[in-house]
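This report concerns only the one structure given below.
The values are calculated or read from the model by the stated rules, or taken from the named source; none is laboratory data. Computed from a predicted model, the values in this text were never measured in an experiment. Cβ placement follows ideal geometry from the backbone for every residue including glycine, while neighbour counts extend to all protein chains displayed.
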């Protein structure tokens with residue numbers, strides 16, 4: 001966490017100023033290691049722009065050998081208030097965050113930063129931002145973790161350890177308990193792996209007696225594609241197919257750390273999708289916790305199978321008032337939006353509006369997708385109630401609509417972060433190579449928005 005500046009001796013001083021002539025640039029200031037960071041016109045100033053500017057500045061400082069520095073927020077606080085300080089510190093911390101390393105040798109010397117400047121509400125904003133930033137970094141670490149270090153059981157241990165420390169109620173269901181509940185879609189994917197599946201449930205009760213918002217995150221810790229084996233070029237990313245799980249975990253941790261007055265439950269179906277003699281194959285017909293039957297068209301479309309049972313569990317066992325599912329679900333979304341924007345769809349206009357307000361506050365980028373009736377026909381099956389693959393393209397939309405069938409009459413949003421959860425080359429200055437922590441901030445803002453209505 002970046003601390004408030006109290007006159008400590010430092011090598012660098014980065015002063016952030018609004019300047020309509022110089023957007024997102026660094027120029028030398030007064031002194032050998034003093035730099036002025038230009039963030040653009042004050043009329044166009046946003047927290048997202050400040051996150052990016054701070055990230056660019058501290059990465060430059062790091063490249064030039066700086067180990068200690070001050071972020072001078074004073075010129076910007078009169079413009080954006082405490083949000084300016086929070087954005088600068090978050091951008092800097094995210095930019096400096098590095099994935100855990102399993103290499104032997106001497107650890108790298110850390111970089112120490114302070115924040116200079118003051119205004120009403122700044123300390124509270126910095127504390128909230130620090131908890132949120134830590135949750136983003138925890139989510140990144142989880143997604144960056146190798147699959148052999150993060151089986152479903154190990155992920156359950158890590159998630160519950162952090163959650164219980166914040167007073168979150170935790171429950172982990174094993175394969176036997178899931179079978180008792182009739183979670184056949186979930187078990188069909190996970191049962192053939194050596195490491196058995198786990199259903200991880202995290203209940204944060206910060207509100208009153210109202211039913212919770214349920215966040216359902218895809219937790220496939222190893223995804224080979226099953227018998228529809230992934231191409232060799234795609235194998236590098238099979239460890240990160242649990243970024244949706246990491247996102248909902250991170251959001252709930254941040255809500256609890258900041259004591260946000262809302263009830264939120266994370267439901268995380270966690271499996272490995274591997275190949276074995278009894279693995280499911282294309283053409284199989286399976287059931288689900290809801291009772292609906294599913295024809296398997298592709299074993300690499302496993303995420304929607306486990307999410308279907310996760311959503312049903314959220315409704316029947318957790319009494320969800322609203323549901324969000326989030327997943328690295330389809331390669332098609334990358335074809336549409338690349339690596340900077342995630343796609344989403346919803347069955348409820350009001351809930352969709354709340355989500356749009358949330359991502360405008362968070363700074364993350366999302367785009368709504370259509371849900372016209374003709375798309376629903378693409379997941380019909382002649383053998384079962386529905387198919388887990390589309391008969392005619394539109395892969396991202398039909399994948400989401402498949403999950404939506406299990407949302408029943410609840411307000412529901414589906415988010416596909418397959419393109420934004422991981423970057424080999426950072427698209428934004430505060431990203432580093434690897435996991436991005438996509439979804440944590442927006443889910444936090446979404447739930448916080450409902451808390452403000454209570």
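Every test in (1) surrounded by fewer than 23 Cβ atoms within 10 Å (Cβ to Cβ); (2) more than 15 Å from residue 190 (Cβ to Cβ) is passed by residue 280 save one, and that test is (2). You will find that of 53, 86, 74, the residue that is under 17 Å from residue 1 (Cα atoms) and modelled with pLDDT of 95 or more is 86 and no other. When the test is whether a residue is touching a residue at least 12 places away in the same chain (Cβ under 8 Å) and either surrounded by fewer than 24 Cβ atoms within 10 Å (Cβ to Cβ) or not assigned by TED's automatic domain parsing to the domain that holds residue 246 (or both), residue 337 passes it. Restricting attention to segment 377-411, the residues being under 22 Å from residue 320 (Cβ atoms) and either in contact (Cβ under 8 Å) with a residue 12 or more places away in the chain or crowded, with 17+ Cβ neighbours inside 10 Å (or both) number 14.
Considering only residues in segment 276-291 that are modelled with pLDDT of 95 or more and out of contact with any helix residue (DSSP H, G or I) (no Cβ under 7 Å at 6 or more places or on another chain), the one that is nearest to residue 181 (Cα to Cα) turns out to be 291.
Among the candidates 278, 300, the residue that is assigned to a loop (DSSP other than H, G, I, E, B), closer than 17 Å to residue 220 by Cβ and in the same structural domain as residue 388 (by TED's automatic domain parsing) is uniquely 300.
The lone criterion from (1) loosely packed, with under 15 Cβ neighbours inside 10 Å; (2) in a helix (DSSP H, G or I); (3) out of contact with any helix residue (DSSP H, G or I) (no Cβ under 8 Å at 6 or more places or on another chain) left unmet by residue 154 is number (1).
Report yes if some residue within segment 7-23 is assigned to a strand (DSSP E or B), without any contact (Cβ under 8 Å) to a residue 40 or more places away in the chain and out of contact with any helix residue (DSSP H, G or I) (no Cβ under 8 Å at 6 or more places or on another chain); otherwise report no. Among the residues of segment 7-23, at least one is assigned to a strand (DSSP E or B), without any contact (Cβ under 8 Å) to a residue 40 or more places away in the chain and out of contact with any helix residue (DSSP H, G or I) (no Cβ under 8 Å at 6 or more places or on another chain), which makes the answer yes. Among the residues of segment 311-344, those identified as part of a strand (DSSP E or B) and under 23 Å from residue 289 (Cα atoms) are 322, 323, 324, 325, 326, 327. Screening segment 157-177 for residues that are touching a residue at least 40 places away in the same chain (Cβ under 8 Å) and not in a loop (DSSP other than H, G, I, E, B) and picking the one that is farthest from residue 307 (Cα to Cα) gives 162. Within segment 353-386, the residues that satisfy the criterion of being outside any loop (DSSP other than H, G, I, E, B) and either within 26 Å of residue 241 (Cβ to Cβ) or in the same structural domain as residue 49 (by TED's automatic domain parsing) (or both) are 355, 358, 359, 362, 366, 367, 368, 375, 376, 386.
For segment 212-222, check the following and say yes or no: at least one residue is closer than 16 Å to residue 296 by Cβ and either surrounded by fewer than 19 Cβ atoms within 10 Å (Cβ to Cβ) or in the same structural domain as residue 414 (by TED's automatic domain parsing) (or both). Scanning segment 212-222, I find at least one residue that is closer than 16 Å to residue 296 by Cβ and either surrounded by fewer than 19 Cβ atoms within 10 Å (Cβ to Cβ) or in the same structural domain as residue 414 (by TED's automatic domain parsing) (or both), so the answer is yes. Note on segment 203-226: residues that are part of a strand (DSSP E or B) and over 21 Å from the mean Cα position of the chain (by Cα) amount to 0. Going residue by residue through segment 162-178, is there one that turns out to be over 30 Å from residue 75 (Cα atoms), within 17 Å of the chain's Cα centre (by Cα) and in the same structural domain as residue 293 (by TED's automatic domain parsing)? Checked segment 162-178: at least one residue is over 30 Å from residue 75 (Cα atoms), within 17 Å of the chain's Cα centre (by Cα) and in the same structural domain as residue 293 (by TED's automatic domain parsing).
Could you list, in sequence order, the residues of segment 231-273 that are assigned to a helix (DSSP H, G or I), surrounded by fewer than 24 Cβ atoms within 10 Å (Cβ to Cβ) and out of contact with any strand residue (DSSP E or B) (no Cβ under 6 Å at 6 or more places or on another chain)? Correct list: 232, 233, 234, 235, 236, 237, 239, 257.
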